[in-house]
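J.: Sharing a structure below in structure tokens format, with a few things to ask.
Computed from the coordinates by the stated procedures, all read-outs in this text should not be read as laboratory data. Predicted model only: the values in this text are computed from it and were never measured. All Cβ positions, glycine included, derive from the backbone under ideal geometry; neighbour counts span all protein chains shown.
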Amino acid sequence: MSKAPAGGPTGPIATVLVPDRAFPVAHVNLFFAGGPPFDPAHLQGLTTLTNRALIRGTRRRGRVELEEAVEILGAEMITATRNHAVSLGGPVLTRHLDAYLTLLGEVLVEPALAADEIEKVKREMRAELEAAADEDGALARIWFARALFGDHPFGHGASGTAASLERITAADVAAHAQRLYCRRNLVVGASGDLDAAGLGAALDRALAGMPAGEPLLWDFPAPPRASGRRVILLDRPDRAQAPILSGHPCLGAVDPEALALHVAISGFGGNFTSRLMQKVRVERGWSYGASARLSLERSAGTFMMTASPARANAVDTVALLFDEFERFAADGLTDDETDFARDSLARGFPFSVETASLQVAHRVRARLLGRPDDYIDTWLDRLAAVDNARARAAVQAQLRPAELVTVMVCSVDAALEKAIGALPGVTDVEVRPAQLP
Amino acid sequence: MKTHLRPIETLRHGPLRVDRYRLDNGLTVLHQPEHRAPVVSYQTWFRVGSRHEQPGKTGIAHLFEHLMFKGTAQHPEGEFDRIIEGLGGRNNAATWLDWTYYYEEVPQSGLETIIALEADRMANTLLGPDQIETEREVVMNERRERVDDDPTGRLAEILWDTAFEAHPYGRPTIGWMDDIAGLTADDIHRFYRTWYAPNNAVLAVAGDVDAERLMSAVHAAYGHMPAAELPPLAPVAEPRQTGQRRVEQALPLSAERLLMGWHAPAASDPQAAALEVLNEALFEGDSSRLQRALVTDGELAAGFYAFVPAFREPGLYEVSVDLREGVGSDAAEEVVLDAFAAVARDGLRPAELAKAKHRLETRFYRQLQSAQQRAAGFGYWEVTADHFGQLFTAAEQLEKVSEDDVVAVARDILRPEGRTVVRGVPA
């Protein structure tokens, strides 16, 4: 593994590289710290739109020519938006690596960001949003994120809304690109059939024209807390099933209690043998799956439970999730459950780092989340220090069963609405058509 | 050397070596040693899937896959998963047309434990009424989630059911809801005794384990099991489709969805590689013809996918398009048909052919990264094409595909009159 310090105006480019010579293929991804929370509230979707528009042509070649130049190399140029970063890159046959890096550089340093291509991407994103609204699970996730964080920047959807996309101009995209794609925001993750010297030289050449820029500072206020148990019922006629998401905002990735809470939530709902799966699927057969998980972002994460029962069992399943969560939040796991969850995570660690690309992903993620560079190297030692007292303390400090947001997509009638409203602690039930917020 | 420790075949490809073993009872073992990480992927592939089911009994292969986790006399319900999770491992299973497979990924120290567990449930799974009923409900919920309430799942089920008149590939692997409800304990016991036997199974093992350790443990755990008399599989010929078939289904959608299918060759058929290359050129990547015609420039669709079947017998090549709001699926159908007709008439440009092959080469290497991927590749091809080496042969065949081969596929397979079309329209 070779690492270089974070890139400065003229210094080396921050790079995480894990070589693997087994096959003549390499993976190179360029990550830029940023993400949807940085989008202005009225321009949600700007980060995703900018990243997607980036690969629609350069000042040297149009979109069609660029796409063909990339793909003849056996490569893909994939853009992705995460909450804390955007990325650009993909796999390539080693024999074409230099040509691929040159194209990556061209895209980043000399993007065309043509107005007509930006408009095309906007229409694509709007169509994708509309298609997502036809999928119960996707619609539930969009509403859940919105309800969880409200108007806070963490509630910004990566794809924006039809209205926010409409407002974004080519000038907005150009300005955002200038802010985002700079050396001080960049971390390169590379794995496969390549070496540090060759990659470093090729990146220096390809990205020579990239400005140093200013890093985007992750400086957001804490997200709001919910009051009471709020339930949003998204009404879709003739549904056999009722996908449920339930949870609340939670701690961030660098919080000292994050690992202990991760262990506890893993025992509560992270595996087939954990409590939720046993209670919902194994004992009752109510849902194909039932889980709980902790998604960690820089300064705030999400605790979320999921299940997907038949509509006839929907109210009982929500009640069961509430009840099990309340018990868990009050008492945590038993000693045996915590030991089992912790030891299972520890023994499974080799799978987390089995391949070169997985190792790179962990190290890049640590850097982007503000974790120490040796986070993955010391993970097992820190995990070993998690006992039930620490896990329980984290659960009791961080989980809030009285402040849950719950979203369910199903066929709603008055009886179901009333039954949900009568569940313990429910303070608010909204019935909405199953459409985008 | 003891006979069970001696490979009956060794195949090398680049840095990979795969050894084949066979126990006296017919159990096949494929072993790919790989010592870069202290993990092992252990997969059990049974040559039975929904293709082997009888009308009225659909879904039994899949339901039985669920029941295989319900315990034995030695390991009561719940213990199997608990032991694997205790090892730090993960496990799951899947069922499809030709096969059912079970996999475990564990640290290499857990190998003997996994072998003992898998051997035990191959022979001794208990199937009590309570377990059957609970799991039947779970499977019904899975069907509601993946088919009944999933527009694409629902349309795909209709497409395959409509496209196949005779062959059991037309029946849904998850089963018709009424059939799932009607499966009896006797049906399930009979299915287990018929198909779950060492001579109908392939163990695919990749990772940090040497041959002597693996085969000693396998021999000890499985060697005593008797082979079963497997029922002969009657070949079913699907009549050549001579006219298009069309179905329209109203669904709670905001925009139309289009699914199209063409009968396509079996995985081991030489034409399969040409279809793969044609599909890559037309449907995969930002520069593909259909990405441009349907999405980027044509602006007809929100998204699409195309699926090249790789089954033992001729399957269905599938194209699915999610239209944008207000766009009729007729327009997308015309675009797809025009693209096939253009290839049948003019072939691919040399750059398109080269691009497709390069992209498929990259994908081939990417699917060999983890132990789980490698074991899955060997197991899959062993039960689908009767030889794990087809994983490598298929990649070589892709490289040899010529423009004439692609044109022949467009003419022979992607005939307009051979298509089945299902339109999902907003209710």
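J.: When chain A is modelled as a GNM with alpha-carbon springs shorter than 10 Å, which of A:ILE13, A:ILE376, A:ILE72 fluctuates the most?
T.: A:ILE72
J.: Same structure, new question: Name the lysines eligible as straight-distance cross-link partners of B:LYS355: C-alpha to C-alpha under 18 Å, and not fewer than 8 places from it in the same chain.
T.: B:LYS400
J.: Do any trypsin sites (Lys or Arg not before Pro) in region B:224-327 lie in a loop, going by DSSP, with at most 13 other beta-carbon atoms within 10 Å of their beta carbon, and if so which?
T.: Details: sites: B:ARG240, B:ARG245, B:ARG246, B:ARG257, B:ARG289, B:ARG292, B:ARG312, B:ARG324; in loops: B:ARG240, B:ARG312, B:ARG324.
Counting only loop positions with at most 13 other Cβ atoms within 10 Å, the trypsin sites (Lys or Arg not before Pro) in region B:224-327 are B:ARG240.
J.: Restricting to Cα pairs below 8 Å that are 6+ residues apart, what does the relative contact order work out to for chain B? Please round to a whole percent.
T.: On the way: 806 pairs, mean separation 92.5, N = 427.
Computed over chain B, the figure is 22 percent.
J.: Right, another one. Go ahead and set up a Gaussian network model of chain B, Cα springs under 10 Å, then flag whichever of B:PHE46, B:PHE307, B:PHE378 fluctuates most.
T.: With Cα springs under 10 Å in chain B, the top fluctuation among B:PHE46, B:PHE307, B:PHE378 is at B:PHE307.
J.: Right, something else. If you consider only alpha-carbon coordinates, what radius of gyration and Dmax does chain A have, in Å?
T.: 23.1, 67
J.: Using Cα pairs under 8 angstrom and six or more residues apart, how large is the relative contact order of chain A, in percent? List each step's numbers first, then the result.
T.: Details: 873 pairs, mean separation 96.0, N = 437.
Value for chain A: 22 percent.
J.: So how much slack lies between B:ALA237 and B:GLU399, counting 0.36 nm per residue of separation and subtracting their Cα-Cα distance, in nm? Kindly include the intermediate steps, with their values, before the conclusion.
T.: On the way: separation 162, 0.36 × 162 = 58.32 nm, distance 3.02 nm.
Answer, rounded to one decimal: 55.3 nm.
J.: Then there is this: Please give the calculated 222 nm ellipticity per residue for chain B, where each DSSP H segment of at least 4 residues contributes -39500 (n - 2.57) and the sum is spread over every residue; nearest 500 deg cm²/dmol?
T.: Details: 14 runs with 171 residues, N = 427.
Mean residue ellipticity at 222 nm (helix-derived): -12500 deg cm²/dmol.
J.: Taking springs between alpha-carbon atoms closer than 10 angstrom, which of A:ASP339, A:ASP39, A:ASP413 fluctuates most in the Gaussian network model of chain A?
T.: Maximum among the listed residues: A:ASP413.
J.: Would you mind pulling out the separation of the Cα centroids of region B:224-277 and region B:140-179, in Å?
T.: Taking the Cα centre of each part, region B:224-277 and region B:140-179 sit 13 Å apart.
J.: Moving to a separate point now. Using only atoms on other chains, find how many Cβ atoms lie within 10 Å of each Cβ of peptide A:64-70 and report the average. Provide the component values of the computation, followed by the final result.
T.: Details: counts 5, 1, 2, 8, 7, 1, 4.
If you average over the peptide's residues, the count of other-chain Cβ atoms is 4.
J.: If you don't mind, there's one more thing I want to ask. Can you give the helix-only mean residue ellipticity at 222 nm for chain A, where every DSSP H stretch with n ≥ 4 adds -39500 (n - 2.57) and the sum goes over all residues, rounded to the nearest 500 deg cm²/dmol? It would help to have the intermediate numbers written out before the result.
T.: On the way: 16 runs with 177 residues, N = 437.
Theoretical 222 nm ellipticity from helices: -12500 deg cm²/dmol.
J.: Sticking with this structure for a sec: Just the number: Rg to Rh for the protein assembly as shown, Cα atoms, Kirkwood Rh, two decimals. Working shown, then result.
T.: Numbers: Rg = 27.0 Å, Rh = 28.8 Å.
My calculation of the ratio gives 0.94.
J.: How many Cβ atoms of partner chains, on average, are near each residue of A:72-83 if near means within 10 Å of its Cβ? Working shown, then result.
T.: On the way: counts 8, 4, 11, 5, 6, 2, 1, 0, 0, 0, 0, 0.
That average works out to 3.
J.: Quick one: divide the alpha-carbon radius of gyration of region B:3-222 by 2.2 N^0.38 Å and tell me what you get. Mind dumping the intermediate values first?
T.: Values: Rg = 18.5 Å, N = 220, 2.2 N^0.38 = 17.1 Å.
Scaled against compact globular proteins, the figure is 1.08.
J.: Just how many % of Cα pairs in region B:296-378 lie over 22 Å apart, if you round to the nearest whole percent?
T.: Numbers: 1696 of 3403 pairs.
The answer is 50 percent, as a whole percent.
J.: Normalized C-alpha radius of gyration of region A:2-206, against 2.2 N^0.38 Å?
T.: This ratio for region A:2-206 stands at 1.06.
J.: Where both residues lie in the protein assembly as shown, what percent of DSSP beta bridges are antiparallel, nearest 5? Before the final figure, lay out each step's value.
T.: On the way: 94 of 125 bridges.
If I count the DSSP bridges inside the protein assembly as shown, around 75 percent turn out antiparallel.
J.: At what distance in angstrom do the alpha carbon centres of region B:296-372 and region A:285-364 lie from each other?
T.: Taking the Cα centre of each part, region B:296-372 and region A:285-364 sit 37 Å apart.
J.: Compute the FRET efficiency between B:ARG246 and A:ALA163 as 1/(1 + (r/R0)^6), taking r as their Cβ-Cβ distance and R0 = 35 Å, and round to the nearest 0.05. Don't skip to the end; give the middle numbers.
T.: On the way: r = 38 Å, r/R0 = 1.08.
The value I calculate is 0.40.
J.: So, R0 is 60 Å and r is the distance between the beta-carbons of A:LYS418 and B:GLU112; what FRET efficiency does that work out to, to 0.05? Display every interim value, and only then the final one.
T.: On the way: r = 56 Å, r/R0 = 0.93.
Efficiency computed from Cβ-Cβ geometry: 0.60.
J.: Only bridges whose two residues both fall in region A:229-433 count here: according to DSSP, what percent of them are antiparallel, nearest 5? It would help to have the intermediate numbers written out before the result.
T.: Details: 19 of 32 bridges.
If I count the DSSP bridges inside region A:229-433, around 60 percent turn out antiparallel.
J.: How much of the DSSP bridge set in chain A is antiparallel, in percent, rounded to the nearest 5? Before the final figure, lay out the partial values.
T.: Values: 43 of 61 bridges.
Around 70 percent antiparallel, to the nearest 5.
J.: Moving on to the next point. Work out the FRET efficiency for B:ARG22 and A:ASP204 from their Cβ-Cβ distance, taking R0 = 60 Å, and round it to the nearest 0.05.
T.: Values: r = 55 Å, r/R0 = 0.91.
According to the calculation, E is roughly 0.65.
J.: Roughly how big is the protein assembly as shown's charge dipole about its Cα centre, with Cβ charges of +1 (Lys, Arg) and -1 (Asp, Glu), in debye to the nearest 20? Write out the running numbers ahead of the final one.
T.: On the way: 90 positive and 120 negative charges, 270 e Å.
For the protein assembly as shown, the charge dipole is close to 1300 debye.
J.: Taking the Cα atoms of chain B, report the difference between the largest and smallest coordinate on each principal axis, in whole Å and largest first.
T.: 61, 50, 39
J.: In debye to the nearest 20, how big a dipole does region B:116-228 give about its Cα centre with +1 on each Lys and Arg Cβ and -1 on each Asp and Glu Cβ?
T.: In debye, rounded to 20, region B:116-228 gives about 360.
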